[in-house]
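So the structure is just underneath, and the comments pick up after that.
The values are calculated or read from the model by the stated rules, or taken from the named source; none is laboratory data. This is a predicted model, so every value here is computed, not measured. With ideal geometry, Cβ positions are generated from the backbone for all residues, glycine too; neighbour counts draw on all protein chains shown. Heavy atoms of the whole protein, side chains included, go into the accessibility calculation; ligands, DNA and RNA do not. Shrake-Rupley method; radii C 1.70, N 1.55, O 1.52, S 1.80 Å.
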Amino acid sequence: MTGSFRTLIARLPLSLLAGMVLITFMVLGALLAPLISPADPLAQDLYATFQPMSAAHPFGTDAFGRDIFSRIVYGTRYSLAEVCICILVSCAMGTLAGMLAALVGGYVEQAIMWVVDIIFAFPGIVLALLILSLLGPGFLNMLLAISVFSIPVYVRLAHNLTQALQRAEYVEAARTLGAGTWRILYVHVMRNALGPILMQSTLTAGSVILAASSLSFLGLGVAPATPEWGAMMSDGRSYLGIDILPSLFPGLTITLAVLGFNLLGEGVRKVIDK
């Protein structure tokens with residue numbers, strides 16, 4: 001059993017293993033945050049502002065004396081929630097819309113693809129800013145905005161995959177035998193398109209973290225004092241001349257998280273292409 005496991009690990013792409021390691025650390029940090037955090041992420045101590053790195057404060061403290069390491073660890077929960085919710089919403093809606101557009105065709109396909117083209121005309125962050133200007137800032141509104149500009153990617157992908165799959169002989173045979181659109185969609189198309197969609201989801205995860213951090217940095221995401229990486233960078237930018245640590249470590253954490261998901265997506269792509 002051990003030899004088979006080692007053989008399996010050896011065959012996996014290095015990018016996949018590296019991405020899995022980084023994402024595993026994120027998940028463990030989110031789950032074990034109360035155990036590994038040396039302090040309350042919201043606790044303020046105005047007598048201990050801008051403390052350097054030490055055993056008590058591994059990443060130092062910010063302008064309010066809050067432990068930066070604890071806030072980063074708890075911020076992992078927000079980042080993973082952003083990734084899970086945004087990908088679940090955008091992937092489900094975009095995949096279903098793209099597959100239906102390809103299977104039904106006609107005016108339905110034209111309408112769906114026109115809407116997708118309109119959304120693609122806006123840069124993602126600009127569209128998110130437009131949505132938040134209409135709905136107002138807030139965590140849920142930010143997730144909605146990110147989900148909206150992520151949907152077209154899945155619509156295009158699912159549409160192209162479905163167009164290719166529905167020309168397969170087994171799909172044509174199922175249609176000849178009287179299988180309906182929904183049965184063809186679930187039994188024949190969705191299962192065969194799962195791999196590329198999964199790969200796209202891992203690649204989208206890094207974009208979600210980057211977009212959410214950018215919006216929080218601009219003050220359009222989480223509420224003030226919330227331990228979210230983008231908001232932490234925004235809080236620390238006013239004190240860069242005094243101490244760089246409050247912005248440095250959240251920024252490095254965002255970089256590692258995005259890198260982890262990108263490596264994971266690249267590794268999944270290599271596995272699927274084999």
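Structure data summary
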{"item": "Value of Rg to Rh for the chain (Rh from inverse mean 1/r over Cα pairs, i.e. Kirkwood)", "result": "1.07"}
{"item": "Per-residue SASA entry for residue 237, accessible area with 1.4 Å probe, Å² rounded to 10", "result": "120 Å²"}
{"item": "Estimated dipole of region 178-271 in Debye, rounded to 20 [Cβ of Lys and Arg +1, of Asp and Glu -1, Cα centre]", "result": "540 debye"}
{"item": "Gained length - residue 53 relative to residue 18, 0.36 nm times residue gap less alpha-carbon distance", "result": "9.9 nm"}
{"item": "Heavy-atom surface of region 174-216, accessible at 1.4 Å and reported per residue (Å²)", "result": "49 Å²"}
{"item": "Kirkwood Rh (inverse of mean 1/r, distinct Cα pairs), region 21-174, angstrom", "result": "18.8 Å"}
{"item": "Using alpha-carbon coordinates, inclination of helix 245-273 to the longest axis of the chain, degrees", "result": "20 degrees"}
{"item": "Under the Debye formula (equal points on every Cα, no solvent term), log10 I(q)/I(0) of region 119-274 at q = 0.10 Å⁻¹", "result": "-0.51"}
{"item": "Within the accessible area of the chain (1.4 Å probe), percent carbon and sulfur", "result": "70 percent"}
{"item": "Karplus-derived 3J(HN,Hα), 6.51/-1.76/1.60, for each residue of region 159-166, Hz, glycine and proline x", "result": "5, 5, 5, 5, 4, 6, 6, 6"}
{"item": "Contour excess over end-to-end distance, with Cα ends at residue 240 and residue 133 and 0.36 nm allotted per residue", "result": "35.6 nm"}
{"item": "Cα long-axis angle, helix 124-135 against the chain (0 to 90 degrees, to the nearest 10)", "result": "80 degrees"}
{"item": "Cα-derived Rg over Rh, computed across region 208-274 with Rh taken as Kirkwood radius", "result": "1.15"}
{"item": "Residue-wise HN-Hα coupling along region 209-215, computed from phi with Karplus coefficients 6.51, -1.76, 1.60 (Hz; x: Gly, Pro)", "result": "4, 5, 5, 5, 5, 5, 5"}
{"item": "Descending Cα extents along the principal axes, region 1-112, whole Å", "result": "68, 48, 20"}
